[in-house]
Structure formats: C-alpha cells, structure tokens
Amino acid sequence: MGIIVFMKQLNNLNKGVKYMLIASFTFAIMGAFAKLASESMSSLEVVFFRNIAGVVIIGLAVMKKPMTHKGGKPFLLFFRGFMGFVALLAFFYNIAHISLGDAMTYSKTSPIFTAIFAFLFLHEKLPLKGWIAIFIGFIGIVFITEPSGIGFTKYDVLGLFSGVGAALAYTSVRELKAYYDTRAIVLSFMLTGTIGPIILFLISPYVQIKELDFLFGEFLMPEGITWVYLLAMGLFATLSQVLMTKAYGETKAGIVGAVSYTNILFSIIVGVMLGDALPSMSTTFGIILIILAGIMVARAK
C-alpha cells in the first residue's frame with residue numbers, strides 16, 4: 001500500500017524533479033556495483049571498464065550522426081578529459097575504501113568548487129549568498145574530515161580532490177561548449193579514462209609507492225559475478241547520465257541541482273545495506289552543511 005502511495009506521489013512531481021530523483025538513486029546503485037567490483041580488482045580497472053563502455057556508446061552515436069563543431073581548443077579539451085579522469089580515479093578509490101555515503105558526499109562538493117573556479121577563471125559574478133554558501137560548505141567539509149592533530153587522512157585528501165577535479169572539469173566544459181559538439185566533450189573524458197588506465201597498467205609493475213596506489217594497479221581479467229557487477233555499473237551509470245540530462249532539460253538548473261543532493265541520502269542507505277556503518281554525528285552534521293551549501297549555490301546562480 002505504501003509503495004502505491006509513493007508511486008502516485010512520484011507521478012505528481014515536476015518532470016525534472018522526478019528525473020533527478022531517479023537519477024540520484026540509479027547513481028547510488030552504480031556506486032554500489034563499483035564497490036562490489038572493487039573487491040576483486042583495482043580501482044584503476046573499475047574506472048577502465050566504466051569508461052570503455054562510454055566510449056562504445058558515444059562512438060556508435062558519432063557513427064550514426066557525425067559531429068559538427070569549429071574546434072580550436074585542443075589543450076582545454078584534453079584538460080577536461082584529464083581532470084575528469086583523475087577525479088574519477090580518486091572517487092572510485094574512495095568508494096572501495098570508505099563508506100559509499102562519505103565518498104558520494106565528497107564528490108558532491110564539486111558545485112562549491114565550481115562556483116569558485118567560475119568566478120576566478122570565467123569571471124562569473126557570485127552574489128553574497130553564494131559566498132556565504134561556500135563558507136558553509138567548507139565548514140561542512142571540516143566536520144566530515146574530522147582533522148586530527150596529524151591532519152587529513154589519505155581518503156579525505158582524495159575525496160576533496162574528487163570534488164576539486166570534477167569542478168575543474170565542469171568549469172572547462174562551460175568554455176568548451178562554444179567550440180565543440182557535446183559528444184566530443186564527453187568523449188574526451190571517456191577516451192582519456194580508457195587510454196589512461198592502459199598506460200598506468202603498463203607502468204604499475206615499476207612503481208612501488210604506497211601513497212600512489214590509487215593511480216596504479218594490475219589488470220586482472222574479471223571472472224564470474226564480477227562481470228555482472230561491471231555490466232550493471234555501466235548500465236546504471238549510463239541510465240543516470242541520461243536521466244540527469246533529461247532533468248536539466250525539463251526544469252530550472254537551480255531546482256534540479258538542489259534535488260541532486262538526494263544522491264547522498266540514497267548512497268548512505270545503499271551503503272548501509274552493503275555493510276557500511278551509519279555516519280557519526282559529526283559526519284552527519286557535515287553532510288547537512290554541504291547539502292545546504294550546494295542548494296544555496298544552485299539558487300544563487
């Protein structure tokens with residue numbers, strides 16, 4: 001009975017809000033399958049399979065309808081792909097080693113950093129409410145990381161980098177949209193995320209630096225159930241991207257951006273189902289502040 005009532009309420013929602021709610025849920029499921037796959041392979045290999053599926057999909061789309069754009073920004077295009085790739089590496093490494101909710105929360109700091117980079121590099125105006133939101137966001141980050149006398153942990157640093165790297169990639173997209181077909185921008189990320197791991201697989205046997213283990217790994221051919229995890233990860237990742245695109249096409253970006261933070265809640269629930277511990281009081285307060293900051297940034301812009 002409760003499920004029927006919920007489905008009726010979902011149908012009555014604005015289309016954009018509905019799409020983003022479902023996208024947030026499917027993205028949390030994608031994270032769950034990435035976490036399961038990481039139990040039998042390196043994060044580098046998970047990223048490789050995540051991106052090679054995207055290359056195939058975008059490649060087929062380009063074959064069906066060739067790209068048309070004026071180009072002229074090859075280095076910026078590479079920068080977008082590279083920053084997206086390394087941010088994804090950090091994100092997937094954290095998914096494998098910390099709770100799914102915490103990993104997702106770190107990645108959702110990207111809108112806060114995007115606002116800063118857009119102000120610095122694209123000279124976009126940011127009202128006072130936006131700056132207050134950024135301040136609140138940084139307070140939230142402090143509560144999540146819970147820095148001790150020895151500073152941040154490796155997972156804190158990689159988590160923040162997943163947000164910063166994604167923000168740099170998103171900021172570059174705003175400039176690239178005037179020069180390239182959207183598929184070319186996405187393909188720059190997917191191709192870098194496919195070729196990059198191959199290069200790192202070849203280098204890995206010669207690098208023995210423990211602190212950089214998130215960058216390296218041995219390629220192990222997936223077996224049995226792991227193939228199911230990888231296929232499901234690719235399916236849900238693609239589905240969430242499609243739904244997010246539809247959401248931004250139906251409703252104001254500020255509203256959709258605010259709704260996207262339900263991804264953190266879904267990730268905490270899914271993570272607990274996989275065996276993650278519930279967030280501490282400090283972490284919970286930090287998550288609330290980051291969600292608040294993200295919503296304020298979205299509304300301010």
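Observations
- Among the criteria (1) touching a Ser or Thr at 6+ places or on another chain (Cβ under 7 Å); (2) surrounded by 18 or more Cβ atoms within 10 Å (Cβ to Cβ), the one G294 does not fulfil is (1).
- Qualifying residues in the stretch 1-39 (those that are more than 26 Å from I95 (Cβ to Cβ), polar (S, T, N, Q) and not in a helix (DSSP H, G or I)) - the one modelled with the lowest pLDDT: N12
- Residue in the stretch 62-71 that is surrounded by 14 or more Cβ atoms within 10 Å (Cβ to Cβ), at pLDDT 85 or above and within 27 Å of L230 (Cα to Cα) present: no
- Any hit, the stretch 250-268, residues being small (G, A, S), modelled with pLDDT of 85 or more and assigned to a helix (DSSP H, G or I): yes
- In the stretch 120-133 there is at least one residue matching the filter, namely being over 21 Å from the mean Cα position of the chain (by Cα), under 26 Å from G72 (Cα atoms) and among the aliphatic types (A, V, I, L, M).
- Residue count for the stretch 207-232, restricted to those that are assigned to a helix (DSSP H, G or I) and of a type in the set (D, E, K, R): 2
- Checked against the criterion of being at pLDDT 85 or above and more than 28 Å from N51 (Cβ to Cβ), the candidates F143, F117 yield just one match: F143.
- Among the residues of the stretch 147-201, those identified as surrounded by fewer than 18 Cβ atoms within 10 Å (Cβ to Cβ) and either among the β-branched types (V, I, T) or touching a strand residue (DSSP E or B) at 6+ places or on another chain (Cβ under 6 Å) (or both) are I150, T153, V157, T182, I195, I198, I199.
- Residue satisfying condition, being buried (at least 19 other Cβ atoms within 10 Å of the Cβ), closer than 29 Å to I144 by Cα and either without any contact (Cβ under 8 Å) to a residue 40 or more places away in the chain or in contact with an Asp or Glu (Cβ under 7 Å, 6 or more places away or on another chain) (or both), within set G275, G217: G217
- Test result for S110, of a type outside the set (A, V, I, L, M), out of contact with any Gly (no Cβ under 6 Å at 6 or more places or on another chain) and crowded, with 19+ Cβ neighbours inside 10 Å: no
- Residue within the stretch 150-169 that is at pLDDT below 85, touching a Phe, Trp or Tyr at 6+ places or on another chain (Cβ under 7 Å) and either in a helix (DSSP H, G or I) or closer than 22 Å to A237 by Cβ (or both) present: no
The values are calculated or read from the model by the stated rules, or taken from the named source; none is laboratory data. None of these values were measured; they are calculated from a predicted model. Ideal geometry is used to build each Cβ from the backbone, glycine not excepted, and the neighbour counts take in all protein chains shown.
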